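Here the structure comes first, spelled out in structure tokens, and everything after it is commentary.
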Amino acid sequence: MPTHDILVLPGDGIGPEVMQAALAVLDAATENSDLELRLSFDLLHGAAWERYGAFCREETVAAALTADAVLAGAVGGPRWDNIRVPGGPEMQDGLMRLRKELRAYAGLRPARAWPGSHSRTPFRPGLAETADILVLREMCGGVMFALPRGQETRATGRYALDTAAYSEGEIRRIAEAGFRLARGRRGRMVSADKANVMESYRLWRAVVGEVAADYPDVRLTHMYADNCAYQMMRRPQDFDVVIGCNLIGDFLSDLAAVVSGSLGLLPSACLRGAPHGGPVPGIYEPVHGSAPDIAGKGIANPIGMILSIAMMLEHSLDAPDIARKIEAAVGQALADGVATPDLDGTASTSDMTAAVIERLGA
Ligand code: NAD
Ligand code: IPM
Ligand code: MN
């Protein structure tokens, strides 16, 4: 069994808290397996800024490029959110830089209902208990990265500019990832865009439509993103894969968290290629942020990070059995009513972690 190199970047706020919890689960889940994991640790974003004066150092990029997987807790916070440093958008945010440098363009953000969590959702019975949505977010392009961008003062006052732009190749590769993922699920894909009003989304819609010809077994529906958001909340159980650009995918993945009962439950993978049945390197991070409002209190829900580790085992380390074992343990803990405050419970981060570890053998 080869050794796998994993770069661990706990990050800021609750990032280190949920990372510590998830690494304990990884340790317990792989204890009797033949997986050999070599973990190395580094700082990212705010933590890196405080120590090195950069959100993501060259050394960190180099280590991430050769790792089999990168684990990121969460980054950001009011202390660093308004710092501007020279360079493009990737220099402003450590995580954005890593995604870009690693070309980790395929952002898988699954949101599902869990037994035991339904009562924590705002849905009435029958609407969301079997919801299982995979938001596939393009991670390396679009309005968050395209140039020109900037701020200036004009005669008319202050002016700010971002550019929404996608190349055909960028759209094609994320569309292909979406169709492949849909093929392995329930065979349906919604593509969310604003092709009614914006040129880049006209190209998005055209290219996704062209790629669809190679996947006749997948039923593709184009939706305007505003309506997609509305329909996702009206009838979440009808959605399977939902594909969107960097910005729309960001919004829709937080929105999809409503079906799970908490943003704290959502994992993600940013894969450096389309899933193809074999291992693909990637960055694994919960969908949530650094949650400054609860940081340091020991009450963050660690499940988003724990499930991100399960995604790493599945997609980068070729260990789907261990991934399933972790998911089953999480499901059992939630079904047994173990709940952190975001799920209206009183369990601490370490209570939840212990509950998952206890159920790994079940
Ligand atoms: P957030 O996701 O950090 O928090 C939103 C809300 O959800 C808060 O009420 C928070 O307490 C709650 N929450 C989030 N994760 C939770 C968890 N695991 N357990 C319990 N409750 C949880 O979003 P925000 O407050 O808008 O952003 C805070 C900072 O995080 C900002 O600097 C932002 O840029 C950054 N951010 C980082 C990432 C990332 O690292 N991937 C993602 C989103 C936001
Ligand atoms: C996310 C976050 C990030 C993003 C921020 C922190 C750069 O919201 O991972 O969803 O916009 O991608
Ligand atoms: Mn986000």
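Can I get the semi-axes of the chain's equivalent ellipsoid? Compute them from the C-alpha gyration tensor as square roots of 5 times the eigenvalues, in angstrom, largest first.
Result for the chain: semi-axes of 30, 26, 21 Å.
Using Cβ counts within 10 Å as a stand-in for footprinting exposure, how do Cys245, Cys140 rank, fewest first?
Cys140, Cys245
Region 37-100: Rg/Rh from Cα coordinates, Kirkwood Rh?
Rg/Rh for region 37-100 comes to 0.95.
Given labels modelled 7 Å from the Cα in the Cβ direction, how far is it in nm from Glu129 to Asp344?
1.6 nm
Which aspartates and glutamates, if any, have their Cα less than 15 Å from the Cα of Lys297, not counting same-chain residues under 8 positions apart?
Those aspartates and glutamates meeting the cut-off are Asp12, Glu17, Asp342, Asp351.
Can you check what the Kirkwood hydrodynamic radius comes to for region 122-260, Cα pairs only, in Å to one decimal? Walk me through the numbers before you get to the answer.
Working: mean 1/r = 0.0630 Å⁻¹.
Hydrodynamic radius (Kirkwood, Cα only) of region 122-260 equals 15.9 Å.
Among residues other than Gly107 whose Cβ falls under 10 Å from its Cβ, what is the net charge (Lys/Arg +1, Asp/Glu -1)?
0
Note down, for region 288-328, the three equivalent ellipsoid semi-axes (square root of 5 times each alpha carbon gyration tensor eigenvalue), biggest first, whole angstrom.
The answer is 26, 10, 6 Å, longest axis first.
Can you tell me how much longer the chain between His276 and Lys297 gets when fully stretched, taken as 0.36 nm per residue apart minus their C-alpha distance, in nm with one decimal?
Here the answer is 3.5 nm.
When only C-alpha pairs under 8 Å and at least 6 residues apart count, what is the relative contact order of region 122-260, in percent?
Computed value for region 122-260: 39 percent relative contact order.
If only Cα atoms are counted, what is the Rg of region 97-183, and what is its Dmax, in Å?
19.1, 58
How many angstrom lie between the C-alpha centres of region 224-246 and region 17-96?
30 Å
So what is the 222 nm mean residue ellipticity for the chain from helices alone, if each DSSP H run of at least 4 adds -39500 (n - 2.57) and you divide by all residues, rounding to the nearest 500 deg cm²/dmol?
Calculated mean residue ellipticity at 222 nm is -11500 deg cm²/dmol.
What order do you get for Thr3, Thr349 when you list them from fewest to most C-beta neighbours inside 10 Å? Could you put the intermediate results ahead of the total?
On the way: Thr3 10, Thr349 23.
Fewest-to-most Cβ neighbours within 10 Å comes out as Thr3, Thr349.
If I build a Gaussian network model for the chain, linking alpha-carbon pairs within less than 10 angstrom, which residue out of Gly88, Gly278, Gly157 has the largest mean-square fluctuation?
Of Gly88, Gly278, Gly157, the Gaussian network model singles out Gly157 as fluctuating most.
Roughly how many nanometres apart are two label points built 7 Å out from the Cα toward the Cβ at Thr156 and Asp81?
Computed distance between label sites Thr156 and Asp81 equals 2.8 nm.
Taking 30 Å as R0, compute the FRET efficiency from the Cβ-Cβ separation of Arg172 and Glu36 and round it to 0.05.
0.25
With N denoting the number of residues in region 1-87, provide Rg(C-alpha) divided by 2.2 N^0.38 Å, to two decimal places. Provide the component values of the computation, followed by the final result.
Details: Rg = 14.5 Å, N = 87, 2.2 N^0.38 = 12.0 Å.
Dividing the Cα radius of gyration by 2.2 N^0.38 Å gives 1.21.
Expressed as cubic angstrom per residue, what is the convex hull volume of the alpha carbon set of region 204-362?
It comes to 144 Å³ per residue, whole-number rounded.
State, to one decimal in nm², a quarter of the convex hull surface area for the C-alpha atoms of region 254-319, i.e. the direction-averaged projected area.
5.2 nm²
When a footprinting reagent is the concern and you count Cβ atoms within 10 Å, what order do Phe123, Phe41 take, fewest first?
Phe41, Phe123
When the expected Rg is taken as 2.2 N^0.38 Å, what fraction or multiple of it is the alpha-carbon Rg of region 134-186? Display every interim value, and only then the final one.
Numbers: Rg = 16.6 Å, N = 53, 2.2 N^0.38 = 9.9 Å.
Working it through for region 134-186, the quotient is 1.67.
So, in nm, how far is label Arg183 from label Glu50 when the simple model puts each one 7 Å beyond its Cα toward the Cβ?
Placing both labels 7 Å beyond Cα along the Cβ direction yields 4.7 nm.
Sort 268-276, 194-202, 106-114 by packing, meaning the average of other beta carbons within 10 Å per residue, with the highest value first. Provide the component values of the computation, followed by the final result.
On the way: 268-276: 20.1, 194-202: 15.7, 106-114: 24.3.
The densest-packed peptide leads the list: 106-114, 268-276, 194-202.
If I build a Gaussian network model for the chain, linking alpha-carbon pairs within less than 10 angstrom, which residue out of Ala339, Ala212, Ala62 has the largest mean-square fluctuation?
Ala62
The numbers here are math on the coordinates, done by the rules we state, and not lab data. Keep in mind the model is a prediction, meaning the values are calculated, not measured. Cβ: placed from backbone, ideal geometry, glycine included. Neighbour counts: every protein chain shown.
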